[in-house]
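To start, the structure itself, in structure tokens.
The values are calculated or read from the model by the stated rules, or taken from the named source; none is laboratory data. Source: prediction; values computed, not measured. Heads up, the Cβs are rebuilt from the backbone with ideal geometry, glycines too, and the neighbour counts pull from every protein chain shown. Calculation scope for accessible area: heavy atoms of the full protein, side chains included, ligands and nucleic acids excluded. Shrake-Rupley method; radii C 1.70, N 1.55, O 1.52, S 1.80 Å.
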Amino acid sequence: MRVGGQPAEIIVAKTRDDLIEATLELWRSGDDWLILGGGSNLVVADEVEDLHVIKVETKGIQSFTSADGNKTLLRVQAGENWDDFVNHAIELGLAGVEGMAGIPGTVGAGPVQNIGAYGQELSDTLLRIEFLDYRTEEIGVIEAKDLEFGYRTSAIKRDRPGVVTWIELELLDDGGLSR
């Protein structure tokens, strides 16, 4: 089929700091670049010998309890597998993302297209993301309301290139019951 050439370089980022450092270095080089999560929806051209790829493999899930004790906040690194994360939330008895089990890809890709399934969308539970902005080369936290979510889209997908380093969600502890 001749689908898929060999890129000039593949950099694997295992930590948030490595992801930021490698990305900034690549952007400053002026070379063609691609941020790669799971790669499950990617078809690569044969001629990519000038393309530099950063594969996001950052891992980690932190859990916090809301002030009222009713909700659980989860901060999830961008390289976590989405389906594994959903299963983790289900095992904790948390509701809000269970309908999105089985969606391929990584957590960091989720806000780009506002993933969703079975009546749930990421925008329903997302609080904020940490984002490395391509244009400014600055890292900052963006609140969900500022991501301009729509059906399978966001401000990132439309016109805000960069890299999601982590996402933070607010899930309901309903004793394992779905919403």
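Key figures
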read-out: Selection within region 96-126 - outside any strand (DSSP E or B), free of Cβ contacts under 8 Å to residues at least 24 places away in the same chain and open to solvent by 10 Å² or more (accessible area, probe 1.4 Å); value: ALA101, GLY102, ILE103, TYR118, GLY119
read-out: Members of region 61-95 that are without any contact (Cβ under 8 Å) to a residue 40 or more places away in the chain, under 30 Å from ILE11 (Cα atoms) and of a type in the set (S, T, N, Q); value: GLN62, SER63, ASN87
read-out: Members of region 8-39 that are touching a strand residue (DSSP E or B) at 6+ places or on another chain (Cβ under 7 Å) and open to solvent by less than 30 Å² (accessible area, probe 1.4 Å); value: ALA13, LEU19, ILE20, ALA22, THR23, LEU26, TRP27, GLY37
read-out: Output for region 28-47, where each listed residue is assigned to a loop (DSSP other than H, G, I, E, B) and more than 15 Å from GLY79 (Cβ to Cβ); value: GLY30, ASP31, ASN41, LEU42, VAL43, VAL44, ALA45, ASP46, GLU47
read-out: Restricting region 129-151 to residues that are part of a strand (DSSP E or B) and open to solvent by 60 Å² or more (accessible area, probe 1.4 Å), the residue that is farthest from GLU168 (Cα to Cα); value: ILE139
